[in-house]
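Taking it in order: structure first as structure tokens, then the write-up.
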Amino acid sequence: MSQTWNAKFGTVKTQTDANNQITSWDYDKFGWQWQETRPDNTVTRSRRHFDNSGGHIYAKTYTETSSTGSPIAREFFDVLDRPIRARTQAFDG
């Protein structure tokens, strides 16, 4: 197994397994992972947002994740970046 690193954030950029299959990760300007691409070309994208909606008084940020073949999921975090709530959209909307 081998890895390449993102020097700016100290995070893994690519990883090659024993079968020479490569998984890669991309990061936003804050160093938060926003995309993972796996060897079978499935992709998971995750975006971090600030929650200004007031829908949940303790939530300060949330991630919205979409993955190939899966419904959209949201996870809400408090000011200490602890998960406090999760929601997943059903396939029927």
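The values are calculated or read from the model by the stated rules, or taken from the named source; none is laboratory data. Note that the coordinates shown come from a computational prediction; the quantities given were computed from them, not determined experimentally. Every residue, glycine as well, gets a Cβ built from its backbone with ideal geometry; the counts of neighbours run over all protein chains shown. Protein only, heavy atoms only, side chains kept; ligands, DNA and RNA dropped before computing areas. Shrake-Rupley method; radii C 1.70, N 1.55, O 1.52, S 1.80 Å.
Among the residues making up segment 71-84, a single one is modelled with pLDDT under 85 and surrounded by 13 or more Cβ atoms within 10 Å (Cβ to Cβ): ASP78.
Please tell me if THR4 is among the polar types (S, T, N, Q) and closer than 20 Å to ALA73 by Cβ.
In short, no.
For residues that are in a loop (DSSP other than H, G, I, E, B) and closer than 24 Å to TYR62 by Cβ, tally how many sit in segment 10-28. The total comes to 1. Quick one: PRO39 ticks every box in (1) under 25 Å from ALA86 (Cα atoms); (2) open to solvent by less than 60 Å² (accessible area, probe 1.4 Å); (3) assigned to a loop (DSSP other than H, G, I, E, B) except a single one, so which number is it? If we test PRO39 against (1) under 25 Å from ALA86 (Cα atoms); (2) open to solvent by less than 60 Å² (accessible area, probe 1.4 Å); (3) assigned to a loop (DSSP other than H, G, I, E, B), just (1) comes out false.
Among the residues of segment 48-70, the ones that are touching a strand residue (DSSP E or B) at 6+ places or on another chain (Cβ under 9 Å), modelled with pLDDT of 80 or more and exposed (fewer than 14 other Cβ atoms within 10 Å of the Cβ) come to 2 in all.
Which of the residues belonging to segment 8-28 are open to solvent by less than 70 Å² (accessible area, probe 1.4 Å) and touching a Lys or Arg at 6+ places or on another chain (Cβ under 9 Å)?
The answer is THR23, SER24, TRP25, ASP26, TYR27, ASP28.
Looking at this structure, is GLY31 open to solvent by less than 40 Å² (accessible area, probe 1.4 Å), in a loop (DSSP other than H, G, I, E, B) and modelled with pLDDT under 90? So GLY31 passes the test.
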